[in-house]
């Protein structure tokens, strides 16, 4: 018999008290809180907060064996309280069914980034580059219905065709509806039972999200904003009767234009699809934060998308928005200032879109340190004080933990001086926030001790390879290709693909307050070139920006080996009640490219893990992880209390994204989205044998 | 740790060793050392096709110039197969493994060309064993 424990939560009254205390804290900034000067601003939102609380409603999602949100529950815990599968029987897991999702677009898909939700007796997911929506029988894997948007030019132009992460579920008058955002940036509402568009929502079930962002240049022929590509790969999140919609943009490594559309966040009526509010992630004149744009760049530039999935606390009535870098990722000379709300966590009143609090992780971001994962909500006890918390894991390897009602950091976050840019016209921020706790979960910055160390020769070769670039701590700024000091750019460690990121992200256990973070050891070498050399160096057209990067890539170490020493990827357990790391394990065995490498024969090589983000799921007693893109097709079963690896289970292909788990017909299932070279996209359902 | 047999299709047990063939990065056959990327292991036509494929599949994240220099140089001493293996497992990011085998090999040919490694009369093979027998040698290596 499986139990479904409820998450211990603060009462509404207690939350209100915490909120009031937090507002007072805002009025006496400690130097660690963000939103300086925002005490009055925050106070203005208090009545709306109180109104939202009155609406009530517990955070929900994984009760009764369901998985109602991309992240399980609305707080994106990615935790299932189920315990039918445990450490004594997980070795007997077998494939209950497989569902094939490779042919929902003009190409066979060898990647599957969608995580299903489970509501009632149905699974719902997206599939393929057309981002079809499918309803699947949770017991058999049978396709029950499929919907996809008719072919349209905006789909063809979308840069996020094959990145669909999933769908959202809501109810109107007791009837379920599925919400999806398409690659062309339309939002569709489908009847959960039939898959038919809901005619009373938008226009025959569709809302055009390329409307309502503001007075920006518009191309009526294509029906899109002219300056920039905006779409979304994540599902929206539903809070009460409001659908909150984020967005994503084209990559910002070396854009041709500094003009871009800002990724403003919007709320829509769940019943009608009518746009209810807009929150300007690039503040307009008169709005808080507008003065962090020190010239006129706010009139024409953009990005600052909320591309990762969103989280919410419907009891507090708050939606949590992680944001991206402003245009472009590695150079901001044309946009002096801190550039709110770039690279921030924003807490908005979900009913009104008003800002409750925010924290900017990176001022004037020129490192592509966009927030890459849904914020994780959890209630913790720190030094005897109960705190409703939100934890954000990041590409720079920091975990930022806040009181989610007030935005007050749980542990001090210090503004520390950082190296300054010498790129002409760039004005880097003199300081950046550094959390004092928890400790970083991944290697940060470049120094000699971080380089490959299997042998002194390999270390020496690595130093030679790395010596043509600048080294420094985590916020070492990008520098010029062929700089007069003889360097060709600067290391960013962890870099674009390192630290935490969306495929692995994190999971948090609401019963223990333990956060589990999947990270990759990585680096970028960021070299800037003049914009008028873009066509020659990058391809395509020149850029109207003074500088663009040569891309986010890193360099190999000697003889095709990794430049940095292992572990190449990790899973770290962090006790959010204390801020201390509980354990850290490599994310898999040592790959053949290491064990078979001629230069390493006869050496005692430690378990290195894999150069990928593990795809993790946490249940009552276990942590499961797949090895992630390009790695071995294995599911690892780990004792979550100790980090001990218990078993590995073979899969048809490697996992690509976050798994999920649900209970149906008395049987617990684990769903893995898998694909890889030669194995098209599919869902694999694991369960114990029937009658076990 | 041991376990008992499962009934699962394609599922094996606890502690199962990855069963796919292990591909050494470097050729094991001593004669293979005779062939390196300096020996004209691809054709100019192939490199041109590779340039087209690179423009189509890679430049969203990798600049044309990224293909020049360290990204190839650091593979010095390793076989082409290791490079091919990483590419086919992880690239392009939007749909890894989705290019034809021939396209991946053409892209390698392009990357050899832009790094000054000479073309020859015979095209670079798509066969894994052939790729294993060709070693990266940097053109300015003494």
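Extension gain, residue A:204 to residue A:381: 0.36 nm times the residue separation minus the Cα-Cα distance gives 58.9 nm.
In the stretch A:221-367, the convex hull through the Cα atoms has an average projected area of 8.8 nm², a quarter of its surface area. Note: relative contact order over chain A, using C-alpha pairs below 8 Å and six or more positions apart, is 14 percent. Note on residue A:291 and residue A:464: their simple-model spin labels are 5.5 nm apart, each label 7 Å out from Cα toward Cβ. Histogrammed with a bin width of 5 Å, the alpha carbon distances of the stretch B:36-132 distribute as 3, 14, 27, 29, 20, 7, 1 percent, first bin at zero.
Over the protein assembly as shown, the reciprocal of the mean inverse Cα-Cα separation, the Kirkwood hydrodynamic radius, stands at 27.0 Å. With a simple spin-label model that places each label point 7 Å from the Cα along the Cα-to-Cβ direction, the separation between residue A:639 and residue A:156 comes to 5.8 nm. Every helix of 4 or more DSSP H residues in chain A counts as -39500 (n - 2.57), and over all residues that averages to -2500 deg cm²/dmol at 222 nm.
The calculated FRET efficiency for the pair residue B:128 and residue A:142, based on their C-beta separation and a Förster distance of 56 Å, comes to about 0.90.
Coordinate-derived values only; no laboratory data. Just so we're clear, the structure is a prediction, and the values are computed from it rather than from any experiment. Note: ideal-geometry Cβ built from the backbone for every residue, glycine included; neighbour counts use all protein chains shown.
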